[in-house]
Amino acid sequence: MATTPALHTQVTDLRTRLATMSPTDLPEDPAELIDLITGLEDLKSAAAAIQARAAVAYDTARGHHKATASEVALARRVSPHRGRALLGMGKILATEMPSTLARLSDGTIDEYKALILVRETALLTREDRATIDATLCGSPTTLDGVGTRELERRAKALAYELEPATFLKRRAQAEADRRVTLRPAPDTMTYLTALLPVEQGVAAYKALTEHAKTQLAGGDPRGKGQLMADHLLQALLGTETTTVPVCVNITMSDTALAGDNTTAPPRRPAHPRRSRPHPHRPRHHHRGRGLVPQALQPPRPARGDEHQ
């Protein structure tokens, strides 16, 4: 009697078949191509549903060990934080939101939409969460054509109808979490992000926009985005310019500072304190040569004496 291959083996075989397909294997009929794209999208959602179930089963098999989330993250090649979120979502779908899990399995929603539903019902009672689950995901056709923003809006509206006090409490908690963060961006840029209550964020953005429009009407050659960014920086720093003073602490020997001294031991190179790789503007943007103040630099040789 033939045995059925292990589920992992079947998944591996399917992945291999998909990975080895060539462009010539694709159908030429546009309708078939669209059907293929839809089918693969449904397959991704079904795979996410199986991953959620497998993560919950693994957590149970491991006795709910605290390292389970990190192990799930490693298996899914995501960060530990993301792994905890995915494992938590799997537990909620498996125990409290069966309709959402069913819609994920049949491809009606994707993993991100499932996460939205879990997040927006997080503070509700089990009964009210089940109500929203059945209302939004009880039928495969309810969410046809519904995008992520609309889905989030519907979930929030239902949560407010069922538990207005909890909804308001969540909003107050969100306002208490307002903050400013900084993260790097490509090409020596940064993202300065402010998480604010909606009315404050809209008011701040409107003020920056109105300032940019006024400057553009006055003939300022900068673009709208540049004007908004420059005005924000000027307002925060309290200056009329966007130039930011920079202080670099450098440790160097006396010979490196004052110039060559043939009687002294070989010079040691100067290095910034707590040195780390850091992109900087080209040298011609700094005053003087290098990072040594102009007044302390040795004189340049006269023209014609450079090679003597």
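Read-outs throughout are calculated quantities, based only on the coordinates presented, and are distinct from any laboratory measurement. Just so it is clear, the structure is predicted and the values come from calculations on it, not from any experiment. So basically every Cβ, Gly included, is an ideal-geometry build from the backbone, and we count neighbours across all protein chains shown.
What to note about this one:
- If R0 equals 30 Å, the separation of the Cβ atoms of residue 226 and residue 246 corresponds to a calculated FRET efficiency of about 0.90.
- Over region 1-127, equivalent-ellipsoid semi-axes from the Cα gyration tensor in Å: 30, 20, 14
- Taking a ≥ b ≥ c as the square roots of the eigenvalues of the Cα gyration tensor, region 42-88 is classed as oblate, since a/c reaches at least 1.5 and a/b does not exceed b/c.
- Computed lengthening from residue 66 to residue 153, 0.36 nm per intervening residue step minus Cα-Cα distance: 27.9 nm
- Applying 0.36 nm per residue to the separation of residue 195 and residue 11 and subtracting their alpha-carbon distance, the gain on full extension is 62.1 nm.
- Gyration tensor (alpha-carbon) shape descriptor, region 179-237, a/c threshold 1.5: oblate
- Charge tally around residue 176: other residues with Cβ under 14 Å, Lys/Arg +1 each, Asp/Glu -1 each, net +3.
- Here is the list for region 167-255: GluC sites (Glu not before Pro) lying in DSSP coil, each with at most 10 other C-beta atoms within 10 angstrom of its C-beta, are 240.
- In sequence order, region 73-81 has phi-based couplings of 4, 5, 5, 9, 6, 10, 6, x, 4 Hz under the Karplus curve 6.51 cos²θ - 1.76 cosθ + 1.60, θ = phi - 60°, and Gly or Pro positions carry x.
- Charge tally for residue 105 (other residues, Cβ to Cβ under 10 Å; Lys, Arg +1; Asp, Glu -1): 0.
- Within-10-Å neighbourhood charge of residue 90 [Cβ basis; K, R +1; D, E -1]: +1
- With R₀ set to 30 Å, the beta-carbon distance separating residue 47 from residue 205 gives a calculated FRET efficiency near 0.15.
- Förster radius 41 Å - calculated FRET efficiency between residue 171 and residue 32 (Cβ-Cβ, nearest 0.05): 0.30
- For peptides 29-42, 84-97, 178-191, sequence by mean Cβ density within 10 Å, most packed first: 84-97, 29-42, 178-191
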